[in-house]
Amino acid sequence: MAREEYGQTWWGEQWLKALTKIDYANRIPRGKSYARKGLVKDINIDKGEIQAKVQGSRPKPYKVALSMAPISDATLGQF
């Protein structure tokens, strides 16, 4: 199911802001476009890693992954 809006929660908004600051290849807007079109498939979130398949212009979807270190409870308590 395609979505129209992203970053609706405080955490989601902060996540997108942080990623945008390091997105030198302009991947965030492209990723949002793929997601809006319903081209992101098979999303798996597990222990600090997000994996998905994305249907691009080629016949076979490609794999993407994003990983990060877990956020400690002490850090979360600051927010």
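The values are calculated or read from the model by the stated rules, or taken from the named source; none is laboratory data. Quick caveat: nothing in here was measured; it's all calculated off a predicted structure. We work out accessible area using only protein heavy atoms, side chains counted, and drop any ligands, DNA or RNA first. Shrake-Rupley method; radii C 1.70, N 1.55, O 1.52, S 1.80 Å.
Inspect all residues belonging to the range 66-78 and state whether any of them is more than 19 Å from residue 16 (Cα to Cα), open to solvent by 80 Å² or more (accessible area, probe 1.4 Å) and at pLDDT below 85. Write out each step before concluding.
Narrowing the range 66-78 to residues more than 19 Å from residue 16 (Cα to Cα): 72-74, 77-78.
The next check asks that each one be open to solvent by 80 Å² or more (accessible area, probe 1.4 Å); those that pass are 73, 78.
Checking the rest, the ones that are also at pLDDT below 85 come to 73, 78.
Yes: the range 66-78 contains one or more residues that are more than 19 Å from residue 16 (Cα to Cα), open to solvent by 80 Å² or more (accessible area, probe 1.4 Å) and at pLDDT below 85.
What number of residues within the range 18-62 satisfy the criterion of being in a loop (DSSP other than H, G, I, E, B), among the aliphatic types (A, V, I, L, M) and open to solvent by 60 Å² or more (accessible area, probe 1.4 Å)?
Initially, the range 18-62 is screened for residues in a loop (DSSP other than H, G, I, E, B), giving 22-26, 37-39, 47-48, 55-61.
Still in the list and also among the aliphatic types (A, V, I, L, M): 22, 25, 39.
Going one step further and asking which of them are open to solvent by 60 Å² or more (accessible area, probe 1.4 Å), we end up with 22.
Result for the range 18-62: 1.
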